[in-house]
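Attaching a single structure in structure tokens format; questions to follow.
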Amino acid sequence: QVQLVESGGGLVQPGGSLRLSCAASGMIFSINTMAWYRQAPGKERELVAAKPSRGNTLYADSVKGRFTISRDNAKNTVHLQMNDLKPEDTGVYYCKLETRTSLAVEGQEFRYWGQGTQVTVSS
């Protein structure tokens, strides 16, 4: 019964900035990772950034130095600050939650997706 609500998408000029937000609600175990994916027209969905509840943050090479993922565990919210946006950043951005009952192999894993928010970078 986990739900992800996204906001912050829109139209922005090249070189501009945008901040995406995703709020999760429901039964979320303490072992979890929140991430942002994107899908450009004609391309496969790709991982943009991921931030575990505890652990190292991951970024796609194409966004390193420009995007920053952060989270507020108290609110179960994750943000994606996008700076120096380029036309190739255009696409639908999805929030994803992965959570596990245990780190053990037999632990159960659950995945949830947001509905996606459109980001368009154009002059």
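Determine whether Asp89 is modelled with pLDDT of 95 or more and of a type in the set (Asp, Glu).
yes
Quick one: how many residues across the range 51-63 are touching a residue at least 24 places away in the same chain (Cβ under 8 Å) and within 20 Å of Thr99 (Cα to Cα)?
1
Right, next: Please determine, by comparing only the residues of the range 52-69 that are within 24 Å of Ile28 (Cβ to Cβ) and at pLDDT 95 or above, which one is most open to solvent (accessible area, probe 1.4 Å).
Leu58
Follow-up question, since we're still on this one. Assuming Glu46 fulfils every condition listed in (1) open to solvent by 50 Å² or more (accessible area, probe 1.4 Å); (2) modelled with pLDDT of 95 or more; (3) at positive phi apart from one, which condition is it?
Checking Glu46 against (1) open to solvent by 50 Å² or more (accessible area, probe 1.4 Å); (2) modelled with pLDDT of 95 or more; (3) at positive phi, the one that fails is (3).
Looking at the range 98-109, which of its residues are surrounded by 15 or more Cβ atoms within 10 Å (Cβ to Cβ) and out of contact with any Lys or Arg (no Cβ under 7 Å at 6 or more places or on another chain)?
Of everything in the range 98-109, those that are surrounded by 15 or more Cβ atoms within 10 Å (Cβ to Cβ) and out of contact with any Lys or Arg (no Cβ under 7 Å at 6 or more places or on another chain) turn out to be Thr99, Arg100.
Evaluate the following for Gln118: is it at pLDDT 95 or above, in a strand (DSSP E or B), open to solvent by 60 Å² or more (accessible area, probe 1.4 Å) and of a type outside the set (Lys, Arg)?
yes
Within 16 Å of the chain's Cα centre (by Cα), closer than 16 Å to Leu4 by Cα and at pLDDT below 95: does that describe Asn76?
Yes.
The values are calculated or read from the model by the stated rules, or taken from the named source; none is laboratory data. The model shown is predicted, which means the values in this text are computed figures rather than measured ones. Cβ sites come from the backbone with ideal geometry, for glycine too, and all protein chains shown count toward neighbours. Remember, those area values only see protein heavy atoms, side chains included, never the ligands or the DNA or RNA. Shrake-Rupley method; radii C 1.70, N 1.55, O 1.52, S 1.80 Å.
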